[in-house]
Amino acid sequence: MTSRPPLIRRARPTDLGQIEAIVESAYSPYIPRIGKKPGPMLDDYATLIAAARVHVAELDGAIAALLVLLPQEDAMLLDNIAVSPHAQGLGIGRALMDFAEAEARAAGHDRIRLYTHVLMTENLALYPRLGYLETGRVSEKGFDRVYFEKPI
């Protein structure tokens, strides 16, 4: 891997296997902590790709990360961001977060929303450092989630 910025593009159907592999490797470590597969491991990525909701970050020609954005009436929902464990620490996640904010602005939104599982404590510490404010805690779809929002 190089230190060049990643190429961020819309995911294609041929990317499905790589996307699913990244989701598996990024979220599997949380299974023991949560007691079941995290929500992103249950998503239908073929459908999300077909709906043009998935972007990938390529580094040196290989997919290193993915981003799922879902427009909502009042905000853009950053539904999932996952970086392959071998590509973590290279700034790819930050590049995708910046990209998500730019996409939200381009879609006419003035804020971006995201959520994480209450037991993913690393994320609870990270998102405020990136300017996100906690807006609520809910139990939905069988998961205890913490919602965050950031004006853009």
Just to be sure I understand the rule: take each whole DSSP H helix in the chain, project its Cα atoms onto its long axis, keep it if the span is 15 Å or more and its mean Kyte-Doolittle hydropathy is at least 0.0. Which ones pass? 16-27, 92-106
Most fluctuating residue given options H86, H109, H55, as computed from a GNM of the chain linking Cα atoms under 10 Å: H86
Report the Cα centroid-to-centroid distance between region 9-40 and region 108-147 in angstrom, as an integer. 18 Å
Could you point to the label whose value was computed as log10 I(q)/I(0) by the Debye sum over Cα atoms at q = 0.12, 0.16, 0.19 Å⁻¹ for the structure here, given (i) -0.64, -1.09, -1.42; (ii) -0.48, -0.90, -1.31; (iii) -0.62, -0.99, -1.20? (ii)
Compare the Cα positions of Y30, L59, T14 along the charge dipole of region 1-62 (+1 at Cβ of Lys, Arg; -1 at Cβ of Asp, Glu; about the Cα centre) and return the one farthest towards the positive end. Y30
Tell me which aspartates and glutamates have Cα within less than 18 Å of K37's Cα, excluding those fewer than 8 residues away on the same chain? E20, E24, D79, E122, E140, D144
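Readers should treat all values here as calculations from the given coordinates under stated rules, not as data from a laboratory. Source: prediction; values computed, not measured. Every residue, glycine as well, gets a Cβ built from its backbone with ideal geometry; the counts of neighbours run over all protein chains shown.
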